[in-house]
Amino acid sequence: MFASGTVKIDFNADAQVLMIGIGGGYIDSYLHKVYPKMNVTAVDMDQKMVDVAIKWFGLKMDNRHHVVVENGVEFVENAVSRGAVIVNVVTIKGDQIGAAEKIMTCTQFQRPHGLKERYQKLMNYSTPERT
C-alpha cells in the first residue's frame, strides 16, 4: 500500500486498512503500532488462527485494530451490499504491486474453485470517486 502510493509513508497516515487472512497477525499489528491514526481490520475465517496470533504473536485489539472471524469473500460482499466504501485497496500480482481500481485479491491461479465467480460479481460494482 505504501509502494503503490495508496497510503502515504507518514506516521500520521490516516487510512482504513482491510487485510484478508491474519496469519500470525504480525503485519496488521505492525501497522497498528507504527501508524497511530491507521484503522486496521483483519478478517480470517478460522478462529484457531486468531487464537494462535493472540497466544504466540501477541496480537492485541482495540478501537483501531479489529479482527473479524468470517470468510473474507463474504465479509467483502456484505460490506459492498451495505454500501460500505472500501478504499486503500492494493493488488499484488507476482512482483508487480499497485493500487487496485476495484476489489481484487490474488492472481487467478491462486484462487480456490468458485472464488472467481464471486469476485466477478464484486467487480461489477463501480469504484467510488475520491473527493
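Things worth noting here:
- The residue that is modelled with the lowest pLDDT, counting only those in the stretch 64-85 that are over 14 Å from MET49 (Cα atoms), of a type outside the set (A, V, I, L, M, F, W, C) and crowded, with 16+ Cβ neighbours inside 10 Å, is GLU77.
- The set of residues in the stretch 40-52 that are surrounded by 14 or more Cβ atoms within 10 Å (Cβ to Cβ) and in a helix (DSSP H, G or I) comprises MET49, VAL50, VAL52.
- Set LYS60, LYS55, LYS37: member being of a type in the set (Lys, Arg), assigned to a helix (DSSP H, G or I), modelled with pLDDT of 75 or more and surrounded by fewer than 19 Cβ atoms within 10 Å (Cβ to Cβ): LYS55
- Filtered residues of the stretch 24-34 (kept if without any contact (Cβ under 8 Å) to a residue 12 or more places away in the chain and surrounded by fewer than 15 Cβ atoms within 10 Å (Cβ to Cβ)): TYR30, LYS33
- So ILE97, is it surrounded by 12 or more Cβ atoms within 10 Å (Cβ to Cβ), outside any helix (DSSP H, G or I) and modelled with pLDDT under 85: yes
The values are calculated or read from the model by the stated rules, or taken from the named source; none is laboratory data. None of these values were measured; they are calculated from a predicted model. Heads up, the Cβs are rebuilt from the backbone with ideal geometry, glycines too, and the neighbour counts pull from every protein chain shown.
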